[in-house]
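To start, the structure under review is shown below, and the notes come after it.
The values are calculated or read from the model by the stated rules, or taken from the named source; none is laboratory data. Just so we're clear, the structure is a prediction, and the values are computed from it rather than from any experiment. All Cβ positions, glycine included, derive from the backbone under ideal geometry; neighbour counts span all protein chains shown. Just the protein is used for accessible areas: all its heavy atoms, side chains included, with ligands, DNA and RNA removed. Shrake-Rupley method; radii C 1.70, N 1.55, O 1.52, S 1.80 Å.
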Amino acid sequence: MAEIKDLIAEDEKIVEVIYRHWVSVLPAMSAWIFVSILSLVGFYFLGFYSDQIKSTGAAFMVLSGLILLSVIFIYVSYWIYRQNRLIITEESAYLVTQNTLFSRQIDQFGLHRLQEATAKQQGFFATVMDFGDVVAETAGDEKNMLFKYARQPRELAERIMDYHKKYGMVGKDTAAGV
């Protein structure tokens, strides 16, 4: 969270850090785990049929490379998953969106600018596993903030509105110079 601490004021206190639901990383990790399992099966067949295969060294290198790549990409998928978060301070909310290894976007809005926070769940799995999208709508020209794959989105939307009620007036007073 070092990059967020560089953005917020020293006297501003982090109230809550919210991470995405684990289901957001499931497709990428599942694909690489599947490749790893196929490589391990390949090792089994390589050992079983080694006397019939002429280039076992090359096959061993390819399978080893696939497993190494799989482990690297599983770690990268998990790292990207952990970088996506919503950070709420006493005055603002920061949405960190890590799309790829080298693509990050940080959006911020003051809690005093918040008008409404809504939750949206679509589909059977989203309802059963209790994840969805939370949209924080702001006043003025600021763009709305969309936090995808939020855990317990209805409760999160309510907590964001509670933070607005609790801390939003503080930000409004300091913004007005009172």
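Taking all C-alpha pairs of the chain, those more than 24 Å from each other amount to 51 percent. Ordering 143-149, 125-131 by mean Cβ neighbour count within 10 Å, with the highest value first, yields 143-149, 125-131.
Across segment 51-105, the relative contact order, built from alpha-carbon pairs under 8 Å that are at least six residues apart, equals 21 percent.
Rounded to the nearest 20, the Cβ-based charge dipole of segment 85-147 about its Cα centre (Lys and Arg +1, Asp and Glu -1) stands at 240 debye.
Given +1 on the Cβ of Lys and Arg, -1 on the Cβ of Asp and Glu, and no further charges, what dipole in debye does the chain carry about its Cα centre, rounded to the nearest 20?
Working: 17 positive and 20 negative charges, 124 e Å.
Value, rounded to 20: 600 debye.
Here the label points at ASP141 and GLU10, each 7 Å from Cα along the C-beta direction, are separated by 3.2 nm in the simple model. Taking the accessible area of the chain, probe 1.4 Å, and keeping the other protein chains in place, the carbon and sulfur fraction comes to 60%.
In segment 23-89, which chymotrypsin sites (Phe, Trp or Tyr not before Pro) are in a loop and have at most 13 other Cβ atoms within 10 Å, using DSSP for the loop call?
On the way: sites: TRP32, PHE34, PHE43, TYR44, PHE45, PHE48, TYR49, PHE60, PHE73, TYR75, TYR78, TRP79, TYR81; in loops: TYR49.
Filter output for segment 23-89: TYR49.
Just want the answer: with Cβ charges of +1 for Lys and Arg and -1 for Asp and Glu, which residue in ALA139, VAL96, THR56 is farthest toward the dipole's positive end in segment 1-142? The listed residue farthest towards the positive side: THR56.
Given the rule -39500 (n - 2.57) for each run of at least 4 DSSP H residues, summed and divided by the residues of the chain, what is its mean residue ellipticity at 222 nm, to the nearest 500 deg cm²/dmol?
Details: 5 runs with 86 residues, N = 178.
My calculation for the chain gives -16000 deg cm²/dmol from helical runs alone.
Relative contact order of segment 75-141, taken over Cα pairs closer than 8 Å and 6 or more residues apart, is 22 percent. Other residues within the sphere of radius under 13 Å centred on the Cβ of TYR19, judged by their own Cβ, net out at +4 (K and R +1, D and E -1).
Compute the semi-axes of the equivalent ellipsoid of segment 31-89, taking the square root of 5 times each eigenvalue of the Cα gyration tensor, and list them largest first in whole Å.
On the way: eigenvalues 266, 17, 5 Å².
Semi-axes from the Cα gyration tensor: 36, 9, 5 Å.
Residues in the chain average 62 Å² of solvent-accessible surface per residue, probe 1.4 Å, ligands and nucleic acids excluded.
Considering the dipole of the chain built from charges on the beta carbon (Lys and Arg +1, Asp and Glu -1) around the Cα centre, which of SER70, LEU40, PHE125 is farthest to its positive end? It is LEU40. Show which lysines lie in cross-link reach of LYS166 when reach means a straight Cα distance below 23 angstrom and same-chain residues fewer than eight apart are skipped. Excluding near neighbours in sequence, the set is LYS5, LYS13, LYS143.
Quick check: residue separation of ASP130 and TYR19 times 0.36 nm, minus the Cα distance between them. What number comes out in nm?
Roughly 38.6 nm would be gained on extension.
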